[in-house]
Amino acid sequence: MSNPDKPLATHASYPDAPSPWVVRWSHLAAPGATVLDVACGGGRHLEWFAQRGHAVTGVDRDTLAARARAPTAEMLTADIEAGPWPLIASDATMESVRQFGLVVVTNYLWRPLLPRILGSVAPGGVLIYETFASGNETVGRPSRPDFLLQPGELLRACAEFHIVAYQNGTLPSPDRFVQGIAAVRKAEVGGAEPPARGYPLSLKSVL
């Protein structure tokens, strides 16, 4: 397991390092908040948040690598595009969607799941989302519109959230077009305002 105090490697030198966007906004999660990583891949963000004291849950079609990297994580192996949403809490009388203090999604887009993903963020919880955007077809893969966010798409999807940060542009090494958002689900129906001092905008370098 890597040292959480070790400087974060750049994407170019270590492609499996946590996303700088996720790292930058990790502080928005409340201490000890539960974390869900949708399409968790090799488990890079499960490891990142587990090292910081969060109980983490990952879901993907193949969880073998993630299990090895984040052995304390709750792992759910499921085809979330073709099968049912696996994060359903149930008891003898009712079923409900499990919610988390932080939901993270990177390099993944399946539009029919967006309502499920947003609904998995607990009131007052955080969504950190970053994936490929329109324009990426000019530099590489993915290139299909199905897998590329359109300008402002995350802003529209999170219209009922408090938007802390948003990005839409290009990143180097490798060259890619990305869109990202860090947003907090309003704590009450009707929309609670953010705290008086707002949410801290991290300026810590992640390079």
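Bear in mind that the values in this text are calculations on the coordinates, not laboratory data. None of the values given here were measured: they were computed from a predicted structure. Here Cβ is always computed from backbone atoms with ideal geometry, including for glycine, and neighbour counts include all displayed protein chains.
Cβ under 10 Å from V139's Cβ, V139 left aside: what net charge do those residues give with Lys, Arg +1 and Asp, Glu -1?
0
Each of C40, C158 was scored by other Cβ atoms within 10 Å of its Cβ. Arranged with the fewest first, they read C158, C40. Taking other C-beta atoms within 10 Å as the exposure proxy, V178, V56, V97 rank V97, V178, V56 from fewest upward. Note that the range 77-187 shows a convex hull volume over its alpha carbon atoms of 118 Å³ per residue.
Between R61 and L201, the contour length at 0.36 nm per residue exceeds the Cα-Cα span by 47.0 nm. Charge tally for A39 (other residues, Cβ to Cβ under 13 Å; Lys, Arg +1; Asp, Glu -1): -3.
D146 to A165: extension gain in nm, 0.36 nm per residue of separation minus the Cα-Cα distance?
Values: separation 19, 0.36 × 19 = 6.84 nm, distance 2.41 nm.
That works out to 4.4 nm of additional length.
Each Cα pair under 8 Å and six or more residues apart adds its sequence gap; the mean of these over the residue count of the range 20-185 is a relative contact order of 18 percent. For the range 29-66 versus the range 112-188, the spacing of their alpha-carbon centroids is 18 Å.
Taking 0.36 nm per residue of sequence separation and removing the Cα-Cα distance, the T138/T77 pair yields an extension gain of 18.6 nm.
Exposure proxy shown here: for V121, V35, the number of other Cβ atoms within 10 Å sets the order, fewest to most, as V121, V35.
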